[in-house]
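Before any comments, here is the structure.
Every number in this text was worked out from the coordinates using simple rules, so none of it is lab data. Since the structure is predicted, the reported quantities are computational estimates derived from the model, not experimental observations. Glycine gets a Cβ as well: all are built from the backbone with ideal geometry, and neighbour counts include every protein chain shown.
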Ligand SMILES: [Zn+2]
Ligand SMILES: [Zn+2]
Ligand SMILES: [Zn+2]
C-alpha cells in the first residue's frame, strides 16, 4: 500500500449552495470558479483507497465533475439534507465495484436519520425492481480503524443537535474535517491536538445559531494551531478573493476542486 494521503474538496458551500437560487449579489454573480460552491463534501485518499465524507444533493454532479470512480468507505457527519440527500447514488459505486458492500460510518442518531430518509436501503433484495445502495451501516462513538487509518469521531454542537466531525490519522499525518459546527466542546478540542490540516466550518461574518462565524472560526484555528486551516461550508457573504485579506497566513478558504496532499 502506498502512503498517499490527500483530500479533494467536492463541495465547499453552505446548505443552499452558492450561487443561491434567484440571488443577484456580487458573490452569486462572480465569474471566479472558486466562488461556485456546491454542497459540502470531501473525498479523502488513503494509500490509493478513498473515504467519502458526506453525500449531499450535489453528490452525483460532484462525482462527474471530479471523475470520482471509486469509493471504499463513507462517513456521514449528520443527517441534514445538505450532507445526505445524494446518498442513493452510492449504488453506482456498488455496481462498479462488483456489487461490493460499502461500509458507512456515522453516529447512532445519524444512522437512525438515514434509515428514516432511505428506508428501502435496509429492505431485503427480493423486492421487485429494487436497486438500492449496498451498505454496511456501522455506528461509531469512539475511535475506529478503516482503510489502514485511525478515525476519531469529533462530537460538536450544531444548533440544537450534536453532530460529528472526523479526525483521520494516517501514516503519521492527520486531518480533521468539521463542516457544521457552532461550538466545539473542550473534550473534543482535546481530540484535535497536533493536526496537520484542520478543515473547519465558517459560514459568514454575522452570528448564526448553528454555524461558526469568521471570528469564531479563527479563534479555534489559533487555539488548535494546526499547520494549515481550510474554511468550508461557506455562504455568499464573501468571494474567495474578498475573504483572503481577513485571514492569517496559515488559514485559507477551501474551494470546490481544491486538492491537497498531507
Ligand atoms: Zn450543512
Ligand atoms: Zn448571493
Ligand atoms: Zn447541518
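Summary table below
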| read-out | value |
| --- | --- |
| Theoretical gain in end-to-end length, residue 204 to residue 150 [0.36 nm per residue, Cα-Cα removed] | 16.3 nm |
| Stretch gain in nm, segment residue 161-residue 136, where the contour uses 0.36 nm per residue and the Cα spacing is subtracted | 6.6 nm |
| Choice from 117, 18, 44 with maximal GNM fluctuation in the chain (Cα, 10 Å cutoff) | 117 |
| Acute angle (nearest 10 degrees) that the helix 214-224 long axis makes with the longest principal axis of the chain, alpha-carbon atoms | 80 degrees |
| Among 220, 131, 238: highest mean-square fluctuation, GNM of the chain, C-alpha pairs under 10 Å | 131 |
| Convex hull volume per residue for the stretch 5-261, taking Cα atoms only, in Å³ | 127 Å³ |
| Extension gain (nm, one decimal) between residue 21 and residue 244, 0.36 nm per residue minus Cα-Cα | 77.8 nm |
| R0 of 25 Å, Cβ-Cβ distance residue 120-residue 61: FRET efficiency to nearest 0.05 | 0.65 |
| Nearest 10 degrees, 0 to 90: helix 108-117 Cα axis against the chain principal axis | 70 degrees |
| Likely footprinting exposure, 141, 77, fewest C-beta neighbours within 10 Å first | 141, 77 |
